[in-house]
């Protein structure tokens, strides 16, 4: 967690609304040039965190730095390096798409000509050239979100904040947005992305943090998070029902935990510790016993499972978890 | 999104390059430039929704016609003179007051739609939101005044004391519009719902107009109402404008009527002194 290699650093961020702490000591460190996913249910504090880090909201305690600039003391410098695309498209609905981008370019202090040129470039690249002259208010949700993203890319931000960027988008628009994010990241922009969709974090993020009730409950790569909540499982499907009992016996011997058996589907599963070694051992044992395998594989727990467990799911209503 | 290739290649973001702390002159220059950009943006709104403008301009014109011709026949002007000539300065000022609604709903619209988040997250001068709104509203007020003056000339109104006095009258009217802009920005921030804000402005504006010297001389009202009307900020500007235009209906024995020109300057300045800081504070509280 050193400042020099982290584009976004937060230490002990606290924000209170009335008597509830929307953020309750949030620590963050987003390595420069990576895509960082912030995952959490509604009301976990994701949007509050983004609004604080983008200088839109004051905070009660803690420190935060964006690209080395202090959020509280150097807000103007921070605004100079960030891009923000919010949950709701922050564009002018009366102006046309082109007018919007020119306006924001001018407010970024581009010359009139440079602002126009940049606007046209972005409209072209985000597939909005055909509707450039129409009021943004008449755009579809996906088009508006693309315009919003284009608006936050006018100056090529060093750190891009995406607050639930695909909420309410159809799959096609979502995929378009995802590929735009990937491309930005590939070109060195640090991206902090909040989402309720585990799939989104899994797809895009190099590292993921899970936040709940204003604090971080877990952090790591997607694989690390999955690993943290439990062992991998080996799953075997045998061709003949006759092989089920013998396979169960082999798994009992080689696996790290209780074996589940579905005789009807001829499917067996068990947790394992060293996944690759376990796979090899099981396959050799099955072969030696002459059991014909229809399918065999290793499975990691899904992020959904990880998420529910990490946010102490069961008892809590985890609203909006993907699917 | 036909291949986002080169999204990144465009313009290099330079860490805080646009704003170098400490350089006051530079800062001021950008504040002016950003204010002008925002003025342009707000004027573009007007151009893009002409139907609003048509409705907006037709109201004062209707007032001129309805009050001038329908009720005007039954109205008397203190001293002597044409009622329509008496009425026009009142309609000028009333139009400025109703402009407050447009200011407030414009501000409320920005705040409610989240576009203000984008303005606040880019390194532009924050004052530009206020100065841009003010600039656009003053341009708009000038257009309205032009329309009304033409309309007035058509129904027999005229200025009788020369161009300089007439321009001074217009200046006082625009000063009051400036005060209403501050008030409107404040309302727009307090009630950040563009629909509600219109509902609030009308009940405020209507009695303020009725209880003034816009339509009738305060001397013709019952005593206590007359006193309220005489002290009404609208009345000061209207009386001062009538005097400068040389239109009938000047006078009255009350202190405010005798010092209309002074009050026409003091009232707007007081309103600005109260509501401009309040608006700025509300604006800053958006970050709470």
Determine the distance separating the Cα centre of segment B:159-181 from the Cα centre of segment A:6-36; give it in Å without decimals. 54
How large is the Rg to Rh ratio of segment B:94-172 when both quantities use alpha carbon positions and Rh follows Kirkwood? 1.14
State the percent of C-alpha pairs, over all pairs in segment B:174-217, separated by a distance greater than 12 angstrom. 67
How far apart, in nm, are two points set 7 Å out from the Cα along the Cα-to-Cβ line at residue B:27 and at residue A:60? 3.0
Residues of segment A:263-281 with amide N under 20 Å of the 7 Å Cα→Cβ point at residue A:223: A:271-281
Could you tell me the ratio Rg/Rh of segment A:215-268? Both radii from Cα atoms, Rh via Kirkwood. 1.18
Cα-based Rg of segment B:36-117 normalised by 2.2 N^0.38 Å, two decimals: 1.49
Rounded if a/c is under 1.5, else prolate if a/b beats b/c, else oblate: with a ≥ b ≥ c from the C-alpha gyration tensor eigenvalues square-rooted, which is chain B? prolate
Arrange the following residues from fewest to most other Cβ atoms within 10 Å of their Cβ: A:145, A:228. A:228, A:145
Residue exposure sequence - A:234, B:54 - by fewest surrounding Cβ within 10 Å: B:54, A:234
If you take the square roots of the eigenvalues of the alpha-carbon gyration tensor of segment A:39-153 and sort them as a ≥ b ≥ c, do you get rounded (a/c under 1.5), prolate (a/b over b/c) or oblate? oblate
When you look at the Cβ of every residue in B:34-41, what mean number of other chain Cβ atoms sits within 10 Å? 4
Counted neighbours (other Cβ, 10 Å), sorted fewest up, put A:85, B:181 in the order A:85, B:181
Residue-normalised 222 nm signal for chain B, counting each DSSP H run of n ≥ 4 as -39,500 (n - 2.57), nearest 500 deg cm²/dmol, is -24000 deg cm²/dmol
Tell me, rounded to the nearest percent, the portion of alpha carbon pairs in segment B:153-288 spaced more than 17 Å apart. 64
In the Gaussian network model of chain A, springs joining C-alpha atoms below 10 Å, which of A:107, A:184, A:123 carries the largest mean-square fluctuation? A:107
Just to verify a number: FRET efficiency for residue B:54 and residue A:111, C-beta to C-beta distance, R0 = 41 Å, to 0.05? 0.70
Only helical DSSP H runs with n ≥ 4 go in: add -39500 (n - 2.57) per run for chain A, normalise by residue count and round the 222 nm mean residue ellipticity to 500 deg cm²/dmol. -10500 deg cm²/dmol
Gain on full stretching of the segment that runs from residue B:143 to residue B:221 - 0.36 nm per residue minus C-alpha separation: 24.8 nm
Let a ≥ b ≥ c be the square roots of the eigenvalues of the Cα gyration tensor of the protein assembly as shown; is it rounded (a/c under 1.5), or, if not, prolate (a/b larger than b/c) or oblate? prolate
What is the ratio of the Cα radius of gyration of segment A:155-243 to 2.2 N^0.38 Å, with N the residue count, to two decimals? 1.45
Full extension between residue B:286 and residue B:62 adds, at 0.36 nm per residue less the Cα distance, a length in nm of 76.8 nm
On the first, second and third principal axes, largest extent first, how far apart are the outermost C-alpha atoms of chain A in Å? 78, 46, 35
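Just so you know, all these numbers are worked out from the coordinates, no wet-lab data involved. Note that the structure is a prediction, hence the values are computed from the model and not measured. So basically every Cβ, Gly included, is an ideal-geometry build from the backbone, and we count neighbours across all protein chains shown.
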